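The values are calculated or read from the model by the stated rules, or taken from the named source; none is laboratory data. Just so it is clear, the model here is predicted, and its values are computed rather than measured. Cβ placement follows ideal geometry from the backbone for every residue including glycine, while neighbour counts extend to all protein chains displayed. All accessible areas refer to the heavy atoms of the entire protein, side chains included, with ligands and DNA or RNA removed. Shrake-Rupley method; radii C 1.70, N 1.55, O 1.52, S 1.80 Å.
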Amino acid sequence: MTSSKPRGRRPGSPDTRQTIVGAARGLFDTQPYDQVSLRAIARRADVDPALVHHYFSGKAELFLTATADVSADPMEIFRMVDDVPADRRGAALVLAFTAVWEAAGRSGMFTEFISSMLATPDLTAGAGEFITQQIRERIAHFADPDERTLRATLAMSQMIGMAMLRYTLRMEPVTSVNRSRLAELYGPTLQHYLTGRLSAEDRRNSSPAGRD
C-alpha cells in the first residue's frame, strides 16, 4: 500500500518565516548560540534548510529576530544610500539609519535590543556576527579601497554611538534635534571616515607645506 503523504520537508508559505522564527527561538532558549545550527532549526521547523537561507542571511540575523524581536534587514537602510553620490553618503547614511529606526516606533525596539544585548552573552555574540556580516561589509562598499575595513568600522562606530545617545540614553540635544540637522552634524565625520585621509602623515603629504 502506497502512502499518500508527500515526501520531504514542506515548502514555503506565508507562515513559514514565522514558523522558522518560532523554531529558532525554542532552540536558542535552551542551547548556547554556537551550538545551534541552521539545519537543526530547519528540522525543528520541518522545512527545507534552503528556506531558512531564503528568509534569513544567516544564523546571526535569525538569532536577533528570534530573541530580540528585531526585524534585522539592513538592506532597508542601504537601498536608500546606493544611488547617492559618493561624496554625500556620510549624511545619507545618517538620514537612512534614522528613517528606518524612527519608523513605526522602532526606536523603542533599538533600546530594548541594546539592553538585552548587554545582559545576554549569546545575544552579544549574535549581534557581533550580524553587525560584521550585514552592516560593516555593506558600509565598506561605500568606503575608499584604502583601509576599507577600518573605514567601515569607524563609520559604524559613529552610527552606533549616535543611536545610543538618541534612542537609549536619550541625551539632549541629540534626542530632539531633527534628522536633517543630525545628518549635517554627523555626516561630515562619517564622510571623512569613508573617503578622507585617515592618518596625520597622509594629511601632511597632501598639504602645500608637505609637498616637495
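Per-structure values
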{"read-out": "Test set (1) part of a helix (DSSP H, G or I); (2) touching a helix residue (DSSP H, G or I) at 6+ places or on another chain (Cβ under 6 Å); (3) not charged (D, E, K, R) - ALA143 fails condition number", "value": "(1)"}
{"read-out": "Failed criterion for THR111 (all others in (1) modelled with pLDDT of 85 or more; (2) open to solvent by less than 50 Å² (accessible area, probe 1.4 Å) hold)", "value": "(1)"}
{"read-out": "Top-ranked residue in the range 2-22 [being modelled with pLDDT of 90 or more and either in contact with an Asp or Glu (Cβ under 8 Å, 6 or more places away or on another chain) or farther than 17 Å from LEU64 by Cβ (or both); ranked as most open to solvent (accessible area, probe 1.4 Å)]", "value": "THR19"}
{"read-out": "Complete set of residues in the range 32-53 that are of a type in the set (Gly, Ala, Ser) and in a helix (DSSP H, G or I)", "value": "ALA40, ALA42, ALA45, ALA50"}
